[in-house]
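Please read the structure below before turning to the comments.
The values are calculated or read from the model by the stated rules, or taken from the named source; none is laboratory data. In this text, all values refer to a predicted model and were calculated from it rather than measured experimentally. Using ideal geometry, Cβ is built from the backbone for each residue, glycine included, and neighbour counts are taken over all protein chains shown.
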């Protein structure tokens with residue numbers, strides 16, 4: 001019995017050969033025309049990522065130095081989409097919610113929900129009601145306060161944060177939560193780069209990139225692992241093009257060949273639109289899903305064997321002696337591993353691995369970049385530590401053109417963590433926070449994202465707040481997330497647009513609409529600005545200048561402050577009202593609490609902002625013995641031999657995180673549908689599948705079955721035995737317990753699945 005059929009028929013064409021170029025410009029123009037007034041949209045784009053403009057609400061890729069910023073277009077296609085999407089001329093008025101019940105809206109696609117436009121005023125879904133209705137801000141905060149104040153203890157409340165929250169709002173948010181009495185501060189980092197932070201802190205003393213944007217063109221070799229820059233950080237391609245023009249080499253490591261790593265036409269260089277594009281990668285290592293760690297071990301073995309033949313010419317022994325510990329143990333470990341086994345498990349032909357090894361042997365300035373294709377695995381921390389091992393053996397950290405580059409996805413996800421949004425901030429931070437605001441912060445460790453879901457499912461989490469984002473879809477194990485949210489007494493979200501999380505609600509639900517990054521933020525004290533931190537650790541100011549879409553919107557800062565006053569009461573001594581009107585007061589407190597932000601209000605005024613301290617960048621490793629740690633990382637091949645496929649989730653080119661801009665994945669040649677599974681042609685033959693056939697995917701984890709039905713087969717150049725579906729649709733297959741061993745990051749890139757053909761696509 002078929003329970004689900006595809007809602008849209010997939011259209012398949014050949015994947016694009018070149019990223020960006022004229023097509024990218026045409027797409028931007030169409031989105032601006034579709035979503036907003038053309039003049040308004042173009043004006044806004046001229047402010048995007050400019051020194052006196054606003055920070056892109058999409059990814060966290062760093063801007064060039066202020067004197068090198070393009071006055072024409074310092075943004076990418078997907079950044080422009082994000083701005084057009086936020087600046088939509090469409091609005092959701094109370095009449096919309098009168099027309100559509102919750103059940104009506106649940107039938108709509110996620111793309112349709114967000115396309116309805118900007119939320120314009122607070123809304124409430126009262127217990128037992130079928131429709132949202134308007135509520136005043138004062139009544140909304142009173143309701144929140146009443147519900148929080150009747151909890152048995154503060155840990156029954158969960159306060160989630162998305163990566164788009166500004167530094168100022170995030171700092172006040174975590175301060176309010178801790179004054180309320182809990183460290184339950186899960187955030188989107190828990191689901192993406194948590195493993196990077198863990199592994200890097202353990203090895204080089206800081207969980208951030210050790211390179212800046214200007215380092216990339218100076219590199220001899222750039223290795224891009226588990227990352228698709230053409231879609232997820234398109235401005236990275238510009239830096240990669242400059243590296244290539246300087247004679248550098250690029251190695252891509254990915255189970256999928258991605259267009260953005262093949263060829264690139266610079267959208268700001270018209271002569272490239274029709275001329276010869278820049279060839280990006282020199283070598284593509286098409287690993288099996290989770291073949292990265294065996295690949296890295298094979299490379300290490302080849303490096304150390306070459307060092308034996310030419311002592312002192314391959315490995316930077318002087319750097320190792322002065323700055324590291326653990327080299328001898330690693331040498332012994334690598335000597336004992338079976339090279340043939342590592343090559344087999346990587347899925348990459350030996351010849352190609354040796355080509356990559358020869359580049360690493362010859363070159364000294366090496367950068368390794370990675371994203372969620374590395375972090376969302378059970379063994380993520382081991383893989384990242386192995387990346388660090390290669391860099392340390394080459395002395396490729398703490399000098400120009402060399403180092404670690406975890407590529408952050410959300411625009412201020414790194415800044416939120418710096419501001420204290422974490423369930424286990426160190427004691428030193430908590431002490432300074434307590435001193436600055438005259439309270440005793442809670443000492444009990446809070447829940448991370450996976451723990452938050454478990455708490456709600458078990459009835460231990462009764463109130464859920466989302467500071468931005470779309471937690472219902474972003475989180476793993478969709479059905480359990482839905483179950484947990486529905487069991488809450490209250491769920492409420494700070495949002496700009498309608499999304500699925502507003503419909504998967506507790507007994508009572510609130511929507512609190514906020515200003516967008518592009519909009520002017522006026523208080524009683526005048527125009528305010530906020531700040532963000534990019535993936536290279538640079539902090540810069542951001543201020544929009546568009547008239548807010550509605551007079552009933554509040555800033556994130558104002559929402560946090562008004563909520564804090566309502567919840568904590570008049571006895572609380574924090575100047576919430578003052579900080580709500582004058583953000584410089586917030587930055588003064590940040591400077592008091594967080595090292596690196598001294599003279600914050602003055603330094604943030606400088607065009608281009610300032611870099612935060614980064615010991616690894618200076619070869620000052622903030623570890624217990626002040627040495628970088630070379631580590632031994634075991635490889636555990638724990639796949640069930642009876643499971644035929646390993647599945648990973650990916651994003652399309654027409655989305656950002658859970659925001660779906662459209663149904664086309666231009667670079668991969670997939671259009672009109674997201675209900676697809678990418679499959680190797682040989683595997684298709686073995687399973688009797690043809691393009692467009694409809695299949696069912698089943699994952700089994702610790703005895704629990706999870707099923708995804710009605711997905712259409714798309715033939716694709718993916719490693720045999722591997723499958724791929726889009727995020728967040730594929731999250732239903734990710735078991736809550738399937739996460740990284742140390743940081744509990746969901747293993748969305750390693751899902752063991754069975755595939756069953758349901759019917760021929762031609763039968764529709």
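Numerical summary
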read-out	value
One residue from 66, 84, 127 being touching a residue at least 12 places away in the same chain (Cβ under 8 Å) and either assigned by TED's automatic domain parsing to the domain that holds residue 231 or surrounded by 17 or more Cβ atoms within 10 Å (Cβ to Cβ) (or both)	84
Unmet criterion (only one of (1) at pLDDT 95 or above; (2) surrounded by fewer than 23 Cβ atoms within 10 Å (Cβ to Cβ); (3) more than 25 Å from residue 382 (Cα to Cα)) for residue 669	(1)
Those residues of segment 491-501 which are assigned to a helix (DSSP H, G or I) and in contact (Cβ under 8 Å) with a residue 40 or more places away in the chain, in sequence order	500
Criterion violated by residue 505 - all others in (1) without any contact (Cβ under 8 Å) to a residue 40 or more places away in the chain; (2) more than 22 Å from the chain's Cα centre (by Cα) satisfied	(1)
Qualifying residue in segment 629-640 (condition: in contact with a strand residue (DSSP E or B) (Cβ under 9 Å, 6 or more places away or on another chain) and farther than 20 Å from residue 289 by Cβ)	yes
Selected residue [in contact (Cβ under 8 Å) with a residue 40 or more places away in the chain and either in a strand (DSSP E or B) or not assigned by TED's automatic domain parsing to the domain that holds residue 68 (or both)] from 552, 588	552
Residue among 425, 430 that is more than 30 Å from residue 301 (Cα to Cα) and either in contact with a helix residue (DSSP H, G or I) (Cβ under 6 Å, 6 or more places away or on another chain) or not in a loop (DSSP other than H, G, I, E, B) (or both)	430
Filter result for the condition that a residue is within 26 Å of residue 381 (Cβ to Cβ) and outside any strand (DSSP E or B), over 692, 730, 688	730
Given (1) in contact with a strand residue (DSSP E or B) (Cβ under 9 Å, 6 or more places away or on another chain); (2) assigned by TED's automatic domain parsing to the domain that holds residue 557, number of the condition residue 445 does not satisfy	(1)
Residues within segment 510-529 that are part of a strand (DSSP E or B) and either in the same structural domain as residue 54 (by TED's automatic domain parsing) or under 15 Å from residue 468 (Cα atoms) (or both), tallied	5
